[in-house]
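Below is one structure; the comments refer to it alone.
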Amino acid sequence: MKKKLTTILIFGILVFIGCSENVKSQIPEGAFHIAYQSHLYIRGSVNGVDGNFVFDTGATNLYFDNIHYSDNDFQFKNTSIGILPGVGTKPQRVTVIMDTVQFKLGENLFKTTKVPVLKLKPILGDIADGILGIEYFNNSVLEINYEDEYMKVYSIIDSVDIHGWDKIELTKKDNRLYIPLTVMVNDTINISGDFLLDFGSGGTVSLTSVVSEKNNLMNNIHNKVPYFTKYGGVGGESSSHDFITSSVSIGDFKFNDVDMDFSSDTKGALASEKYLGVLGNKIFERFHVLIDFKNDILYLKPNKKYNEQFEPSRLGFSYIDRGKTLNSWIVTGLHSSLNADNAGLKIDDKILSINEVNVNDIDYKLQKSFFKNVDNVNLKIERDGKIFKIAFQLEPILTITNK
């Protein structure tokens, strides 16, 4: 989930979900609204308390954010302690609710136990109240529409008109889904095999550290940028290198010049030997998506974003919105030796304003365009109780023409 967790939503939870009310006419009958910006947020309720839950096929069940949990009067008495792994090198020690938890999604009511309470907002920002995993859709077909921001659940694939959709067979192991993928790193390195189907990732493709070592990517990829974050996922610290690959192929679909990364983690989800890497939302957002969980099949149909060129980040750092709880954006990761890093920006810095605009005044729908329209940024920063400014130029962290 690393900087895939960057560019997170910028304003309060109620406004965030409420904005989708303006586009109800765009979704079909029986569908429910989601909000998409790097991650897919589903509005649900736990024991009558509403919240925003990240849809994550790399997760199993229901997970609470600890702040959302403590801020609401949940009456769960039976708890235990557990260790929760994920992306990052240090698994979280978490409280686990052993009582029955009722989760309502639309008109559907689910009951579950063993619900972990984890530190999620430091990873995803104030918008995230929890995670919704794969088990909630295991016996159904799920449609995901990134353009109109809705999901719809079907009982069987025969309920859907799949004419014009491409069909891709998936593999299921240990309640996780894997997709065959081919990554042409360059003219000499071709990586093909099973990748984790990870709708909890906000990026394109991430290769595991095992794959990186096997293919000696550190030496065989010359144009790369180191990245480090304290908040890469549930496991905290994570290191990687961004680069531009020649192509990524999924079934009959092929994307050229894709910005992606390879991990340097020694532990956690991106150090696994079970798969070659993870495939995330920055690829899937270019399609209409159907997941047949019953038969382990993925259906894809290109949408309006399909032919758009991949654009490497221009920031040189990642951040999350903590406007509700900390009245600022928090720097969560940095690309080494680029403009932001060279200017003195540090992880955990609180960003109060950008070019004299208070971060709390930047609507999440306008955030990406906000950075596209500026070449230089002047950040008002709070660090250790002191306030000062850091200025630097924005430029792509990688170039496509020089691999």
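Read-outs: derived from the displayed coordinates by stated rules, not from any lab. It should be emphasised that the depicted structure is a prediction, and the values quoted were computed from it without experimental measurement. Ideal geometry is used to build each Cβ from the backbone, glycine not excepted, and the neighbour counts take in all protein chains shown.
Please compute the length gained on full extension between PHE76 and PHE110, using 0.36 nm multiplied by the number of residues separating them and subtracting their Cα-Cα distance.
Contour length minus Cα-Cα distance gives 10.6 nm.
Evaluate the distance, in nm, between pseudo-label points positioned 7 Å from the Cα of THR100 and of LYS389 along their respective Cα→Cβ axes.
Taking the simple label geometry, THR100 and LYS389 are separated by 6.0 nm.
Would you calculate the separation in nanometres between label points at ASN342 and ASP187, each defined as 7 Å from the Cα along the Cα-to-beta-carbon direction?
3.0
Figure the gain on full extension for ASN327 and ASN378 (residue separation times 0.36 nm, minus the Cα-Cα span) and round it to one decimal in nm.
Difference between extended and current length: 16.6 nm.
Work out the length of the dipole vector of the chain about its Cα centre, built from +1 on the beta-carbon of each Lys and Arg and -1 on the beta-carbon of each Asp and Glu, and round it to the nearest 20 debye.
Using only the charged Cβ atoms, the result is roughly 800 debye.
Which of the aspartates and glutamates could a cross-linker bridge to LYS380, judged by Cα under 12 Å and excluding same-chain residues fewer than eight apart?
Hits, sequence-local ones excluded: ASP349, GLU356.
What FRET efficiency comes out for LYS294 versus ASP166 if R0 is 22 angstrom and r is the Cβ-Cβ distance? Round to the nearest 0.05.
0.75
In debye to the nearest 20, how big a dipole does the range 220-366 give about its Cα centre with +1 on each Lys and Arg Cβ and -1 on each Asp and Glu Cβ?
Approximately 260 debye in magnitude.
Considering only VAL377, VAL210, VAL160, give the residue with the highest GNM mean-square fluctuation for the chain, with springs between Cα atoms whenever their separation is below 10 Å.
VAL160
Would you compute, from DSSP H runs of 4+ residues alone, the mean residue ellipticity of the chain at 222 nm, taking -39500 (n - 2.57) per run and dividing by the full residue count, rounded to the nearest 500?
Calculated from helices alone, the mean residue ellipticity at 222 nm is -2000 deg cm²/dmol.
If you add up the charges near TYR146, with Lys and Arg at +1 and Asp and Glu at -1, over every other residue whose beta carbon is less than 12 angstrom from its beta carbon, what do you get?
Counting the neighbours of TYR146, the net charge comes to 0.
Between GLU213, GLU356, GLU107, find the one with the highest GNM mean-square fluctuation for the chain; connect C-alpha pairs within less than 10 Å.
Top of the fluctuation ranking is GLU107.
Sequence gap at least 6, Cα distance under 8 Å: using those rules, report the relative contact order of the range 133-209 to the nearest whole percent.
The normalised contact order for the range 133-209 reaches 17 percent.
Would you please put 266-276, 308-318, 230-240 in order of how densely packed they are, using the mean number of other Cβ atoms within 10 angstrom per residue and starting with the highest?
Output ranking for 266-276, 308-318, 230-240: 230-240, 266-276, 308-318.
Which of VAL258, VAL49, VAL359 ends up with the largest GNM mean-square fluctuation for the chain, with Cα atoms connected below 10 Å?
VAL49
What relative contact order, as a whole-number percentage, does the chain give when Cα pairs under 8 Å and 6 or more residues apart are counted?
Reported relative contact order: 19 percent.
Among (1) 52, 51, 44; (2) 65, 42, 42; (3) 71, 48, 45, which is the computed Cα extents along the principal axes in Å?
Comparing each candidate, only (1) matches the computed number.
Remind me, relative contact order of the range 317-393 in percent, using alpha carbon pairs under 8 angstrom and six or more residues apart?
26
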